[in-house]
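The values are calculated or read from the model by the stated rules, or taken from the named source; none is laboratory data. Computed from a predicted model, the values in this text were never measured in an experiment. Reconstructed Cβ throughout: ideal geometry from the backbone, glycine too, with neighbour counts over all protein chains shown. Heavy atoms of the whole protein, side chains included, go into the accessibility calculation; ligands, DNA and RNA do not. Shrake-Rupley method; radii C 1.70, N 1.55, O 1.52, S 1.80 Å.
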Amino acid sequence: MNTLVDQIISWIIVLYGSAVPALFVIFLIGITGLREITRYETGNTFLYKLNPVTKVVLTIVVMIVAATTIWWIGAILTLILLLSYLTLNDGVRKFGYAFFLALSTILGGTWSIAPYTPPSTLQLAFPNVKQFTVIWTFPSYFQVMGYEQQLTLEALIYGLQTTFRVAPVLLSALLFITTTTGSDIFRMFTKIKIPIAITFSVLVGIRMIPRIFELLDTSVKMQYIRGLGYGRPKIVSSLLIVYAIFAAIIPTMVYLFRGAKNLAISADTRGFRAYPSRTSLVELKFTRVDYYGTAIIAALIIIAIVANLLGFGRTIPYVGL
């Protein structure tokens, strides 16, 4: 009897750890929220005025700093980048979307690492801990799925610390997308001599992200209009959105393929790649705002160097608190 109960609880723990991040995305952010924080909207604040080149360099430096320094520096970067969303157009709402997205990333990232981290790695990460705190012991057949038999508090801490490699990079990249027009991205890549084929591919990819969520949202709403969940309790009807999202994947892909075909025809019609380079009516310039951005980039680099010199560097496996 106890064995059966242990197996049931183990499956609940596994499903809870994997389902909670997804539920954050579906119910607290929603498809509409994902669309809003992945598309450009006009604004006049600091981030909107930065040159796209400066924003790209800033994103790369954030990634380097988060990857080479101790976990709490990545956590501070995550907090600062989250607060930066308040400066955007309709910032309070976008801050809420970004907060829950970052939280789901942290929870999901922690769970994707913690149950699979062997004790040998944890011993390197926590050399001063003589005995790990066991939270739960999984049945032996969970090892077939890659799980360690014992889930420890140290494994969860290790997974949490490691996720701060990802969270600030995700938030920084989304800030770049939401504050930069497609035309500016094209001009930026042209100015730094990126081949036009690569420029076009990146630009199409960036513009397709909000388009995917828009089509997915439309398909889900159409299912509800056609009677999905009609006559059922409200809680059941709201949970059916998970089914509606899966059912909307194929229609969304069909619309995207049609759009890709139309885009290819449009590009050919306008003479795409007929010449080795393109001209532009608007010239990207570096202004005083970009000097402030450059100062921030330099400060981040200095922080990373000083942190490593003081012993707050980061290695794989991650060592130290």
Item to check | Answer residue from region 78-104, given it is buried (at least 20 other Cβ atoms within 10 Å of the Cβ) and touching a Ser or Thr at 6+ places or on another chain (Cβ under 8 Å) and is nearest to residue 61 (Cα to Cα) among those | outcome: 81
Next on the checklist: Out of 110, 45, 69, I need the residue that is at pLDDT 80 or above and either of a type in the set (D, E, K, R) or touching a strand residue (DSSP E or B) at 6+ places or on another chain (Cβ under 7 Å) (or both). Which one?
Outcome noted: 69
Item to check | region 160-214, subset surrounded by fewer than 16 Cβ atoms within 10 Å (Cβ to Cβ) and of a type in the set (S, T, N, Q), residue nearest to residue 109 (Cα to Cα) | outcome: 201
Next on the checklist: Please pick out the residue among 227, 205 that is without any contact (Cβ under 8 Å) to a residue 12 or more places away in the chain, not acidic (Asp, Glu) and not in a helix (DSSP H, G or I).
Outcome noted: 227
Checklist outcome for this item: Scanning region 124-149 for residues that are within 19 Å of residue 70 (Cβ to Cβ) and not aliphatic (A, V, I, L, M), the one least open to solvent (accessible area, probe 1.4 Å) turns out to be 126
Checklist outcome for this item: Filtering region 19-60 down to residues that are of a type in the set (Gly, Ala, Ser) and farther than 22 Å from residue 102 by Cα yields 43
